[in-house]
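Notes follow the structure.
The values are calculated or read from the model by the stated rules, or taken from the named source; none is laboratory data. Computed from a predicted model, the values in this text were never measured in an experiment. Positions of Cβ are generated from backbone atoms using ideal geometry, with glycine treated the same way; all protein chains shown enter the neighbour counts. Heads up: the accessible areas ignore ligands, DNA and RNA and are worked out on the full protein's heavy atoms, side chains in. Shrake-Rupley method; radii C 1.70, N 1.55, O 1.52, S 1.80 Å.
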Amino acid sequence: MSQQQISLPAKLINGGIAGIVGVTCVFPIDLAKTRLQNQRRGQQVYKSMMDCLVKTVRSEGYFGMYRGAAVNLTLVTPEKAIKLAANDFFRHHLAKDGKGLTVFKEMLAGCGAGMCQVIVTTPMEMLKIQLQDAGRLAVQQQKPVMMTPTKLVATNAVLSRSYNSGMVISAPRAVSATQIAKELLQTQGIQGLYKGLGATLMRDVPFSIVYFPLFANLNRLGKPSPEASSPFYWAFLSGCAAGSTAAVAVNPCDVVKTRLQSLNKGASEETYSGVVDCVSKIMQKEGPSAFLKGASCRALVIAPLFGIVQVMYFVGVGEYILDNSPLLYSKKNK
């Protein structure tokens, strides 16, 4: 890999655009994944991904499927940009004399990328999960209880356990990510936004270790020659295959992360003091199969998301924008 092949701004643009396009396409499936993962045995509100999406549309409307999308779209640009650009950066510096990387070095580059991205990923996931899971908690706790208007307003406080109050809620009151973030910062400080950091590292680092080497080797199979690029459809399929494989492989870690980052709990839903406590309680009360909750949804989310990412890289949107930027063009001609 030559020095000319590394353009960090272009990689950041590619990753950001790919993240926005991908998240917009697959966010409803990601919402279903979060709600399915947070369900406890004997308290199932949704039977499957499709059942979750249908019930969400009925109770919360079409845009209910995009609850929490705003924070994800805002932060997915830096998150994907950091992840993909960091991997390219580490691969570039681990390569010697233009020779290909060993699998170990590819895994090492992926590890570095995964560790870098959690700076943005953890707060993003923290806020997104609260917004995504609100509808599940509202449906689970629906009970006809008479309440005065004063009490009804009081139960809608940010991060309150309003969904445990037993009132009838056809569509949960919208609480913004900004409100949640402010409440967390006021009550817990910056560490409140980084609740579940350990579990996020447990998920994202192994994911990157699996994804990036697997994609690189699958994509290499589609190259007509060592110097040529693989066709765009091959890059897309390689991204989908590598993404879905890595997603399923780390799904147990994703379940633990989702549980730890869920601040509001339903009736009789247990709380966890940390990763070990969470894993232990899930094993005791729900069995090993609980760690595979939402695995199919997660694979359906990640596969097209990373397929789109690789197509963006193939097309070179970032490079095109930078090459045709009026500011850069004027600098070149001075």
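Annotations for the structure displayed:
- TYR211, TYR233, reordered so the largest accessible area comes first (probe 1.4 Å): TYR233, TYR211
- Stokes-Einstein D (µm²/s) once Rh is taken as the Kirkwood radius of the stretch 52-131 over alpha-carbon pairs, at 20 °C in 1.002 mPa s: 145 µm²/s
- Computed accessible area, LYS265, all protein chains, 1.4 angstrom probe, square angstrom: 20 Å²
- Student exercise, the stretch 15-137 dipole from Lys, Arg, Asp, Glu Cβ charges, in Debye to nearest 20: 360 debye
- Computed extension length for SER229-ARG58: 57.0 nm, one decimal, from 0.36 nm per residue of separation with the Cα-Cα distance subtracted.
- Among the listed pairs LYS105/LYS195; LYS182/LYS281; LYS55/LYS182; LYS83/LYS257; LYS105/LYS128, those with a Cα-Cα distance over 23 Å are LYS105/LYS195; LYS182/LYS281; LYS55/LYS182; LYS105/LYS128.
- PHE314 contributes about 90 Å² of solvent-accessible surface, heavy atoms of the protein only, 1.4 Å probe.
- Per residue accessible area in Å² of the stretch 172-313, where ligands, DNA and RNA are left out and the probe is 1.4 Å: 43 Å²
- In nm, spacing of pseudo-spin labels at SER273 and LEU292 (7 Å Cα→C-beta vector): 3.1 nm
- For the set PHE27, PHE236, solvent exposure ranked by accessible area (probe 1.4 Å, protein chains only) runs largest to smallest as PHE236, PHE27.
- Protein-only accessible surface at a 1.4 angstrom probe places the residues VAL139, VAL315 in the order VAL315, VAL139, largest first.
- Computed extension gain for HIS92 through GLN44, at 0.36 nm per residue and net of the alpha carbon distance, reaches 12.5 nm.
- Cα centroid separation, the stretch 229-252 to the stretch 271-318: 14 Å.
- Take VAL26: with every protein chain present and a 1.4 Å probe, its accessible area is about 10 Å².
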